[in-house]
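Colleague: Would you mind keeping the following structure in view while I ask a few things?
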């Protein structure tokens, strides 16, 4: 299921057709000597209707910076850095996977188990040029630690031992 279109691309339908271009094209069909010049094929060079600029010259996209807000010191983007809108998805995804990797390392060092690790990637639309871009991400991890010194854990193990003692008897012996 497609939720949105790729940045800067338009679906082909009459909603986005420029009426002035359509009239020129219709007159060219009637008179072949008046063939219009080829228009720009790169959608980043075209200003979208209702927007202040085209994606190619957007100042907001050029000045956008990403920064990590977590307390983990060994991940990227601890200081603000610019990422181009084209590569933001891959870099944000890689950054969030660093958090997941740290959770697995932390769990293995302290006798724990990662129960759940989920990553959410967020998108937004630039208010100046209308380009859809990845605006950030969130990683949620849940680690279960085994605490053998806890009196409740010791009691549970004793109850389990009493419950399972004699459950499997070898009658052949």
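The values are calculated or read from the model by the stated rules, or taken from the named source; none is laboratory data. Because the structure is a prediction, the values reported are computed rather than measured. Cβ coordinates were reconstructed from backbone atoms using ideal geometry, including for glycine residues, and neighbour counts include every protein chain displayed.
Colleague: So residue 130 fits all but one of (1) surrounded by fewer than 16 Cβ atoms within 10 Å (Cβ to Cβ); (2) part of a loop (DSSP other than H, G, I, E, B); what number is the exception?
Modeller: Condition (1) is where residue 130 drops out.
Colleague: Residue 44 is checked against (1) more than 13 Å from residue 131 (Cα to Cα); (2) modelled with pLDDT under 90 and fails just one. What number does that condition carry?
Modeller: Answer for residue 44: the failing condition is (1).
Colleague: Could you say whether any residue in segment 14-25 is assigned to a loop (DSSP other than H, G, I, E, B) and either farther than 19 Å from residue 135 by Cα or at pLDDT below 90 (or both)?
Modeller: yes
Colleague: Another one. Just to be sure before I move on: is residue 135 within 30 Å of residue 62 (Cα to Cα) and surrounded by 12 or more Cβ atoms within 10 Å (Cβ to Cβ) in the structure I sent?
Modeller: Judged against the criteria, residue 135 is a match.
Colleague: Further question on the same structure: Among all residue pairs at least 6 apart or on different chains, which show Cβ distances below 6 Å where the first residue, located in segment 155-173, is at positive phi and in a loop (DSSP other than H, G, I, E, B) and the second is surrounded by 10 or more Cβ atoms within 10 Å (Cβ to Cβ) and modelled with pLDDT under 80?
Modeller: Sorted first by the residue in segment 155-173, then by its partner, the list stays empty.
Colleague: Could you check segment 99-127 and list, in sequence order, the residues that are more than 21 Å from the chain's Cα centre (by Cα) and either buried (at least 17 other Cβ atoms within 10 Å of the Cβ) or in a strand (DSSP E or B) (or both)?
Modeller: Passing the criteria: 107, 112, 113, 114, 115.
Colleague: Here is a further query. Report, ordered by the first and then the second residue, all pairs with beta carbons closer than 6 Å, sequence separation of six or more or different chains, a first member in segment 65-87 that is more than 11 Å from residue 99 (Cβ to Cβ), and a second member that is at pLDDT below 90 and part of a loop (DSSP other than H, G, I, E, B).
Modeller: 85/131
Colleague: A follow-up question, please. Give the number of residues within segment 146-173 that are under 30 Å from residue 72 (Cα atoms) and either at pLDDT 85 or above or surrounded by 10 or more Cβ atoms within 10 Å (Cβ to Cβ) (or both).
Modeller: Residues in segment 146-173 being under 30 Å from residue 72 (Cα atoms) and either at pLDDT 85 or above or surrounded by 10 or more Cβ atoms within 10 Å (Cβ to Cβ) (or both): 3 in total.
Colleague: Conditions: (1) closer than 17 Å to residue 138 by Cα; (2) at pLDDT 90 or above. Residue 73 meets all but one. Number of the miss?
Modeller: Residue 73 satisfies all of (1) closer than 17 Å to residue 138 by Cα; (2) at pLDDT 90 or above except (2).
Colleague: Kindly list the number of the only condition in (1) at pLDDT 85 or above; (2) in contact with a helix residue (DSSP H, G or I) (Cβ under 7 Å, 6 or more places away or on another chain) that fails for residue 8.
Modeller: Here residue 8 meets the rest and fails (1).
Colleague: Something else: Please tell me if residue 96 is at pLDDT 90 or above, over 15 Å from residue 60 (Cα atoms) and under 17 Å from the mean Cα position of the chain (by Cα).
Modeller: For residue 96, the condition - at pLDDT 90 or above, over 15 Å from residue 60 (Cα atoms) and under 17 Å from the mean Cα position of the chain (by Cα) - is met.
Colleague: Also: For segment 79-93, give me each residue that is surrounded by 13 or more Cβ atoms within 10 Å (Cβ to Cβ) and either assigned to a helix (DSSP H, G or I) or at pLDDT 90 or above (or both).
Modeller: Matches in segment 79-93: 83, 88, 89, 91, 92, 93.
Colleague: Right, next: Please tell me if residue 56 is touching a helix residue (DSSP H, G or I) at 6+ places or on another chain (Cβ under 7 Å), within 30 Å of residue 138 (Cα to Cα), assigned to a helix (DSSP H, G or I) and modelled with pLDDT under 95.
Modeller: yes
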